Amino acid sequence: MDHKISLHLTEVPKELMLILRMISNSEKTVQKHEYDRIHWEQFLKMAVHHRLFPLLYVRISEQKYNFIPKHVVDSLEELYRKSTFRMLHLCGVMEHISRLFSNKNIRSLFLKGPILAHELYGDLSLRTCSDIDLLVSFEDLEKAEHLLLEQGYEKDEYIQSLLNDWTWRHHHFTYYHRDTGTKVEIHWRLNPFPSTEPSFNELWERKKKTDLICHPTYYLGDEDLFFALMTHGARHAWSRLRWLVDIHRMAKNDIQWARIIKHIQKFRYGHVSAQAFTLATKVLGTNIPKEMNSYLNDESAELAQKTVFYMEKMVNLHTDPVPIEISKYHKKYLYSLMSRKEKMFYLLSMLHPYYTDAETFPLPKSMHLLYFPLRPFLWMFRKVKKHAIT
């Protein structure tokens, strides 16, 4: 590990630093100065926001921290209990969908959720999950959607598309079941454009089988799981530190890191994986695999430092509307993550029409190809109009 790499964490709230201290190290005693003047309601809010309350509750139960107010411990216990029941429910949903899809010869790989809790944490109760995420091949997407609709799920039609750009701009659809309150996301890519990533067939060849449920059910192999966790966390700026704890847990596993490093080199994500480990070692005390040391440099430290903003502000990127200043910062951050190749493809994609072009100047579907030459003018029109309003 390169000890010269550092992060400036002085503006991160004491409440969050105490939570991280408690869940990452069970051997050292928490000192009085670490919990002195803690705002316990904020402590609780941060544990919920970062989805760390299951680990936190278990650690508190083990260590018998008597400085934590009883009402805070009781709240954590209630959250832990509800989360555990939720995970058990999602296990049943996962097995049902796995059986449903395999009976129709649809190959599926489950992402995150109960499988991740089982494989990385060894206990369903130690990780939260609100939905089921699974990956299918693009060719099976329509058939998979049809099966979910037959089961009573309703599609969330939030994606607005023009000239079928949803196929490459986006990476998943969302479905809700009103009776059970279950949300399912069907992915056809691990990440949205312009991510470079393995094909579904490659992922399927390296799949692993879980023993969590009886029906044969599969998830990502080690190198693909790390790739998915690392890119997903980075894309959301590690704004929920549960994702960073996933990396911390994976780093403790006995896996072939040399193979994983070769994998991320292929897709040019060395700087992003180094960002994850820089954060993990500084925030959670993660032992960095020796194979990763050569990637720890000023670039990875700079990328990691950019995410500290999200810790300081307790940023929520999942609830609209996202504040304008947060949205602007995040847009710049995402661009800084891209490789040169991805930046080139991203800039080229700006030439492709957006659904906003059709909203600005509606045309019959048969004439939608005209949006290609019209796009610069429509973009300029919106900019001028927006400037005039403000």
*Quick one: what do you get for region 1-145 if you divide its Cα Rg by 2.2 N^0.38 Å?*
1.33
*Give a residue-ordered list of calculated ³J(HN,Hα) values for region 84-97 (Karplus: 6.51 cos²θ - 1.76 cosθ + 1.60, θ = phi - 60°; whole Hz; x for Gly, Pro).*
5, 4, 4, 5, 5, 4, 5, 4, x, 4, 4, 5, 4, 5
*Under 5 Å between amide H atoms, partner at least 5 residues away or on a different chain: which partners does residue 5 have, H built in plane at 1.01 Å?*
none
*Would you mind checking which residues have amide H under 5 Å from residue 170's amide H? H placed 1.01 Å from N; only 5 or more apart, or other chain.*
193
*Report the semi-axes of the equivalent ellipsoid for region 262-321 in whole Å, largest first, where each axis is √(5λ) for an eigenvalue λ of the Cα gyration tensor.*
24, 14, 10
*0 to 90° range, to nearest 10: angle between helix 324-337 axis and the chain longest Cα axis*: 90 degrees
_Principal axis extents for the chain, Cα atoms only, whole Å, descending order, please._
69, 53, 43
_Less than 13 Å from a label point 7 Å out along the Cα-to-Cβ axis of residue 344: which backbone N atoms in region 186-216 qualify, by residue?_
none
*asked:* Only sites in a loop by DSSP and with at most 10 other Cβ atoms within 10 Å count here; which chymotrypsin sites (Phe, Trp or Tyr not before Pro) in region 127-160 make the cut?
replied: 158
*For helix 270-284, report the angle its Cα long axis makes with the longest principal axis of the Cα atoms of the chain; keep it between 0 and 90° and round to the nearest 10°.*
30 degrees
*Would you mind telling me which residue in 310, 346, 355 has the biggest mean-square fluctuation in a Gaussian network model of the chain, where springs connect alpha carbons within a distance under 10 angstrom?*
355
*Enumerate the amide H contacts of residue 111 below 5 Å, restricted to partners 5 or more residues apart or on another chain; note that Pro and chain-start residues carry no placed amide H.*
133, 134, 135
_Prolate/oblate/rounded call for region 262-390, Cα gyration tensor, a/c under 1.5 rounded_ = prolate
*asked:* Given axes a ≥ b ≥ c from the Cα gyration tensor, I'd like to know whether region 14-62 is rounded (a/c under 1.5), prolate (a/b larger than b/c) or oblate.
replied: oblate
*For region 14-347, give the magnitude of the charge dipole about the Cα centre (Cβ charges: +1 Lys/Arg, -1 Asp/Glu; no others), in debye to the nearest 20.*
760 debye
*For region 85-226, alpha-carbon Rg and Dmax in angstrom*: 14.7, 45
*Among the aspartates and glutamates, select those whose C-alpha is under 19 Å from the C-alpha of residue 282, and discard any that sit fewer than 8 residues away in the same chain.*
2, 11, 15, 27, 34, 246, 291, 298, 299, 302, 312
*asked:* In whole Hz and in residue order, list the ³J(HN,Hα) couplings for region 198-206 that follow from phi through the Karplus curve 6.51 cos²θ - 1.76 cosθ + 1.60, θ = phi - 60°; x for Gly and Pro.
replied: x, 6, 4, 4, 5, 5, 5, 5, 9
*Which FRET efficiency value, to the nearest 0.05, do you get for residue 382 and residue 96 by plugging their Cβ-Cβ distance into 1/(1 + (r/R0)^6) with R0 = 56 Å?*
0.80
_Using only alpha-carbon positions, what ratio does the radius of gyration of region 170-272 give when scaled by 2.2 N^0.38 Å?_
1.16
*Can you list which of the trypsin sites (Lys or Arg not before Pro) found in region 76-173 are DSSP loop residues with at most 14 other C-beta atoms within 10 Å?*
104
*asked:* A 25 angstrom limit on the alpha carbon distance is what I want to check against. Which of 14/183; 331/365; 209/262; 155/385; 252/313 exceed it?
replied: 14/183; 331/365; 155/385; 252/313
_Of the trypsin sites (Lys or Arg not before Pro) in region 212-264, those whose Cβ has at most 16 other Cβ within 10 Å and which sit in DSSP loop_ = 252
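Quick note: the coordinates plus some simple rules give every number you see, no bench work behind them. Being a predicted model, the structure only gives us computed values, none of them experimental. Using ideal geometry, Cβ is built from the backbone for each residue, glycine included, and neighbour counts are taken over all protein chains shown.
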